[in-house]
Number of protein chains: 2
Amino acid sequence: MEKAIEVLKKNHYKVTKQRKDLLEFLNKFTVQYVSINDIADYMRSLYPGISNNTIYRNLKEFEEIGLVEYQEKDKTLVKYQCDFEHQHHHHFVCKNCGKVTELKACPIKFFTDQLPGYTVEGHALEVYGLCADCTKKLKAE
Amino acid sequence: MEKAIEVLKKNHYKVTKQRKDLLEFLNKFTVQYVSINDIADYMRSLYPGISNNTIYRNLKEFEEIGLVEYQEKDKTLVKYQCDFEHQHHHHFVCKNCGKVTELKACPIKFFTDQLPGYTVEGHALEVYGLCADCTKKLKAE
DNA sequence: AAAGTAAATGATAAATTTTACTATTTAACA
DNA sequence: TGTTAAATAGTAAAATTTATCATTTACTTT
């Protein structure tokens, strides 16, 4: 949490109550995504008249400075990004329980090899299915 | 085009004028994506009172039977999928000219290896940057 | 500590995107 | 040609996101 606030300061963003509370809530979601709706509900419980603007803008700003990630396939879902170093990685998302598993290896060379002369600036990747726990559970049934 | 209509028939969809015109328009976008807005503008030019419903529903149905693909990062963009065999592949999207290059190799094994016990049902991948032509052009400047 | 300044927020509204509903039309098929 | 089920139009509304601007607040400087 203090780290996140330092990131805010380093990027010349003001540390407001709203942002602190938003970060504190987001902090619970490092292992799975949370919907913007749920975030809005929470923030409205603290600030009954909070503006949509404030929520959407802050999430977008948090993303820009690496505090938040949007899910690739569904931009209404976000998660907290505790890895401030922007270490490159991808996600496996369990369709059953929603758990997110980080994938450390990255196959980008795999693709650059297929694209001679191209400038590869980035890539988005998400793998989905069932995590080990859910695979077991659903097999048992 | 005839192929696409056959696909419609095989899936027990009716071949309506709207669907034929929609497919004909989509057929122009096999190499880059087109926005749903542009599609709607075109369809409205033919059918002034066409319902949004018709456009959105048909695009969704076309996707289900493999005639259309949505862009991973932006679901308001779609392209025609001429490869009816559902052959698995990924896309490189040029940020400058919008051209889409198909990537034939697929690194899924790369990830399944990292996920013992998991059930991997699918994955979404998109690589982006500049295509070879745009790389050359922009370097020259 | 107080004042000044720029940024953030609230409140409201609107724009955009997507979905829902139902009567009518139309394609498929006998 | 008539029947039937699916598709569409027309309308509306839901849902999501962005815009505007006056007010408030965090940060800085004195």
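With R₀ fixed at 41 Å, the C-beta to C-beta distance from B:Ile108 to A:Asp21 puts the FRET efficiency at about 0.55. Sorted ascending by nearby beta carbons within 10 Å, beginning with the fewest, B:Ile39, B:Ile65 become B:Ile65, B:Ile39.
Electrostatic tally near B:Gly122: other residues with Cβ closer than 11 Å to its Cβ, Lys and Arg +1, Asp and Glu -1, net 0.
With all pairs of different C-alpha atoms in the average, the Kirkwood value for the hydrodynamic radius of the protein assembly as shown is 21.5 Å. Calculated [222 nm] ellipticity per residue, helices only, for chain A: -11500 deg cm²/dmol; basis is -39500 (n - 2.57) per DSSP H run with n ≥ 4, divided by all residues, nearest 500. Under 19 Å from the 7 Å Cα→Cβ point of B:His88, by amide nitrogen: which residues of region B:98-112? So the set is B:102-112.
Taking a ≥ b ≥ c as the square roots of the eigenvalues of the Cα gyration tensor of region B:2-80, is the shape rounded (a/c under 1.5), prolate (a/b larger than b/c) or oblate? It comes out oblate by the Cα gyration axes. Inter-copy label distances for A:Ser45: 5.1 nm (label point placed 7 Å from Cα along Cα→Cβ; shortest first).
Beta-bridge orientation, chain A: approximately 70 percent antiparallel, per DSSP, counting only bridges with both partners inside. Taking square-rooted eigenvalues a ≥ b ≥ c of the alpha carbon gyration tensor, is region B:90-140 rounded, prolate or oblate, where a/c under 1.5 means rounded and, failing that, a/b exceeding b/c means prolate? Taking the square roots of the gyration eigenvalues as a ≥ b ≥ c, region B:90-140 is prolate. Residue and distance for the chain A Cβ closest to the axis that moves A onto B, in whole Å, come to A:Pro107, 2. Copy-to-copy label distances for B:Met1, where each label lies 7 Å from Cα along Cα-to-Cβ, are 6.4 nm in order of increasing length.
Close amide H contacts of B:Leu103 (hydrogens built in the peptide plane, cut-off under 5 Å, sequence separation of 5 or more or a different chain): B:His90, B:His91, B:Phe92. For the pair A:Ile50 and B:Leu138, label points projected 7 Å from Cα toward Cβ lie 3.7 nm apart.
Under 5 Å between amide hydrogens, built in the peptide plane, is the criterion, and for B:Gln32 it picks out B:Val100 among residues at least 5 positions away or on other chains. Convex hull volume per residue, computed on the Cα atoms of chain B, equals 143 Å³. Between region A:97-141 and region A:22-82, the alpha-carbon centres lie 23 Å apart. Shown for A:Thr76: label points 7 Å from Cα along the beta-carbon vector, and their distances to the equivalent points in the other copies, 1.6 nm in ascending order.
Read the figures in this text as sums done on the coordinates, not as results from a lab. Model, not experiment: these values are computed from the prediction. Quick reminder, even Gly has a Cβ in these numbers, built from the backbone with ideal geometry, and neighbours come from all protein chains shown.
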